[in-house]
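Bear in mind these aren't lab numbers, they're just calculated from the coordinates by the rules spelled out. All figures in this text were calculated on a predicted structure; none of them were measured in a lab. Here the Cβ is made from the backbone with ideal geometry for all residues, glycine too, and neighbour counts use every protein chain on show.
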Amino acid sequence: NAGVMQNPRHLVRRRGQEARLRCSPMKGHSHVYWYRQLPEEGLKFMVYLQKENIIDESGMPKERFSAEFPKEGPSILRIQQVVRGDSAAYFCASSPGQGRASPLHFGNGTRLTVT
Amino acid sequence: DQQVKQNSPSLSVQEGRISILNCDYTNSMFDYFLWYKKYPAEGPTFLISISSIKDKNEDGRFTVFLNKSAKHLSLHIVPSQPGDSAVYFCAARNSGNTPLVFGKGTRLSVIA
């Protein structure tokens, strides 16, 4: 019973390159959330997706960042033209459905370093 | 504007004693609260939760207390064990599938 799988675990990119972060939710989970953790900070919500739909992207920067969760395959968080300030740990979480009683299950994160 | 605040960045407790981690929130619409535990290089793992209709929820060594009038919750761990050493995040949400809002975390060190 695999948990939330994120890859890669570590990603190094030079300024101006693109970063693609992947997340496969737990089996049976159709809701995916992306969070970002800057050093010494808490987790900040970025985007919430269901299959083929973005439900809430209120935490996503307006430029350079995009997310998708296609019908088949993992959810992708894409950062174009990365800058040093994008260096952070990016966590994906999934839940089986709506409602307060569905705690989020997190993956182990992707640590992005922009040089 | 931080809606969930954990004002103690760190806490040290001796093994066998009680650990008390505190959390304050400002959004009165929050009605569900969770605690997550995080080890280095791992993702947060769900620990315990409480609904706003309760003031206490207990699960083994872990108890969460909610004081709605003070907008305050706390996590009690007793007895504390060295394996409890981790960063603990408080999180909150309101009704529906709104995203969880996290505090900055408290690093707990349990000393043997």
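For chain A, modelled as a Gaussian network with Cα springs under 10 Å, which listed residue fluctuates most, A:SER58, A:SER95, A:SER30?
It is A:SER58.
How many percent of DSSP beta bridges within the stretch A:1-51 run antiparallel, rounded to 5? Can you show the working numbers first?
Working: 10 of 10 bridges.
Percent antiparallel among DSSP bridges in the stretch A:1-51 is about 100.
With the cut-off at 22 Å, report for the protein assembly as shown the share of all Cα pairs above it, as a whole percent.
52
Can you tell me the relative contact order of chain A? Whole percent, Cα pairs under 8 Å, sequence separation 6 or more. Provide the component values of the computation, followed by the final result.
Details: 294 pairs, mean separation 41.9, N = 115.
Once divided by the residue count of chain A, the mean separation gives 36 percent.
May I ask for the net charge around A:GLY109, where only other residues with Cβ less than 11 Å from the Cβ of A:GLY109 are counted and Lys, Arg are +1 while Asp, Glu are -1?
Values: positive: A:ARG9, A:ARG36, A:ARG111, B:LYS38; negative: B:GLU42.
Combined, the nearby Lys, Arg, Asp and Glu give +3.
If you average the sequence gap of Cα pairs under 8 Å that are 6 or more apart and divide by the length of the stretch B:15-101, what percent do you get for the contact order? Spell out each step's value before the answer.
Details: 168 pairs, mean separation 33.9, N = 87.
39 percent.
Given a 10 angstrom Cα cut-off, can you work out which residue in B:SER49, B:SER28, B:SER80 is the most mobile in a GNM of chain B?
So, out of B:SER49, B:SER28, B:SER80, the one fluctuating most is B:SER28.
Local charge sum around B:ALA41 (other residues, Cβ-Cβ under 15 Å, Lys/Arg +1, Asp/Glu -1)?
Numbers: positive: A:ARG9, A:ARG111, B:LYS37, B:LYS38, B:ARG107; negative: B:GLU42.
That works out to +4.
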